[in-house]
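A.B. asks: Below is a structure I'd like to ask you about.
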Amino acid sequence: MPALPISTPSSYSRELADAIGPFSTKGLPADTMALDHGVLDDAEFLDQDEAVFQESLKLFEYELSRFESGLWFHYFSSTDQRQHMFLRLTDKSHPSYDPILAVKFGNTIEDIYIRMDGVLGRLLQKADANTVIMVMSITALPSSNAASI
């Protein structure tokens, strides 16, 4: 049991841990500051964020298999975090653009969205004609300071 209550009902966090194993419970678990300050390199950050993504997929699949009606919200942080950390490699005019890193990591944002399309497909398979699905995402555009929703 956690030292402090982290779910309602309090038994829910134990149920999740029993079902999928340990999971992150606070904030954004991918350490963007470690990448910003050179503690992690790009590959190490992606490894860490991939672990976060896999954990979130386990939570998603667990709840999707049980969901029958009502409102269900699931947040995948990896789309947001990878955009923040790798947009610099999609725009040659960005002050932190690195052509060598761009070759290796320039598709990171596109790749996570392709994977999220698969996750959305899993959700659509379960949905019926009465199901309302709302998907929200803010995608940064490398050619401007604007964002599209």
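A.B. asks: Output the residues belonging to region 12-25 that are in a helix (DSSP H, G or I), surrounded by 10 or more Cβ atoms within 10 Å (Cβ to Cβ) and free of Cβ contacts under 8 Å to residues at least 40 places away in the same chain.
C.D. replies: Hits for region 12-25 are Tyr12, Ser13, Arg14, Glu15, Ala17.
A.B. asks: When only residues in region 26-49 that are open to solvent by 50 Å² or more (accessible area, probe 1.4 Å) and among the acidic types (Asp, Glu) count, which is nearest to Met116 (Cα to Cα)?
C.D. replies: For region 26-49, the residue satisfying everything is Asp47.
A.B. asks: Also: Can you list residue pairs whose Cβ atoms sit under 7 Å apart, with the first residue in region 116-135 being touching a residue at least 40 places away in the same chain (Cβ under 8 Å) and the second being outside any helix (DSSP H, G or I) and open to solvent by less than 90 Å² (accessible area, probe 1.4 Å)? Count only pairs 6 or more apart in sequence or on different chains.
C.D. replies: Sorted first by the residue in region 116-135, then by its partner, the pairs are Met116/Phe76; Leu123/Ile133.
A.B. asks: Taking Thr79, is it open to solvent by less than 30 Å² (accessible area, probe 1.4 Å), of a type in the set (Val, Ile, Thr) and touching a residue at least 24 places away in the same chain (Cβ under 8 Å)?
C.D. replies: For Thr79, the condition - open to solvent by less than 30 Å² (accessible area, probe 1.4 Å), of a type in the set (Val, Ile, Thr) and touching a residue at least 24 places away in the same chain (Cβ under 8 Å) - is met.
A.B. asks: Follow-up. With respect to Leu87, determine if the residue is assigned to a helix (DSSP H, G or I), within 21 Å of Met134 (Cβ to Cβ), aliphatic (A, V, I, L, M) and under 17 Å from the mean Cα position of the chain (by Cα).
C.D. replies: Criteria not met by Leu87.
A.B. asks: Follow-up question, since we're still on this one. Can you tell me which condition Ser137 does not meet? The list is (1) under 28 Å from Ser13 (Cβ atoms); (2) open to solvent by 50 Å² or more (accessible area, probe 1.4 Å); (3) not in a helix (DSSP H, G or I), and all the others hold.
C.D. replies: Among (1) under 28 Å from Ser13 (Cβ atoms); (2) open to solvent by 50 Å² or more (accessible area, probe 1.4 Å); (3) not in a helix (DSSP H, G or I), Ser137 violates only (2).
A.B. asks: Is it fair to say Ile6 is under 21 Å from the mean Cα position of the chain (by Cα) and open to solvent by 60 Å² or more (accessible area, probe 1.4 Å)?
C.D. replies: It is true that Ile6 is under 21 Å from the mean Cα position of the chain (by Cα) and open to solvent by 60 Å² or more (accessible area, probe 1.4 Å).
A.B. asks: Among (1) surrounded by 14 or more Cβ atoms within 10 Å (Cβ to Cβ); (2) at pLDDT below 90, there is one condition Phe53 misses while meeting the rest; what is its number?
C.D. replies: (2)
A.B. asks: Does Arg66 qualify as being under 20 Å from Phe23 (Cα atoms) and open to solvent by 90 Å² or more (accessible area, probe 1.4 Å)?
C.D. replies: Values: under 20 Å from Phe23 (Cα atoms): yes; open to solvent by 90 Å² or more (accessible area, probe 1.4 Å): yes.
Considered against the rule, which asks whether it is under 20 Å from Phe23 (Cα atoms) and open to solvent by 90 Å² or more (accessible area, probe 1.4 Å), Arg66 comes out as yes.
The values are calculated or read from the model by the stated rules, or taken from the named source; none is laboratory data. All values derive from a computational prediction rather than experimental measurement. In this analysis, Cβ positions are derived from the backbone assuming ideal geometry, glycine residues included, and neighbour counts consider all displayed protein chains. All accessible areas refer to the heavy atoms of the entire protein, side chains included, with ligands and DNA or RNA removed. Shrake-Rupley method; radii C 1.70, N 1.55, O 1.52, S 1.80 Å.
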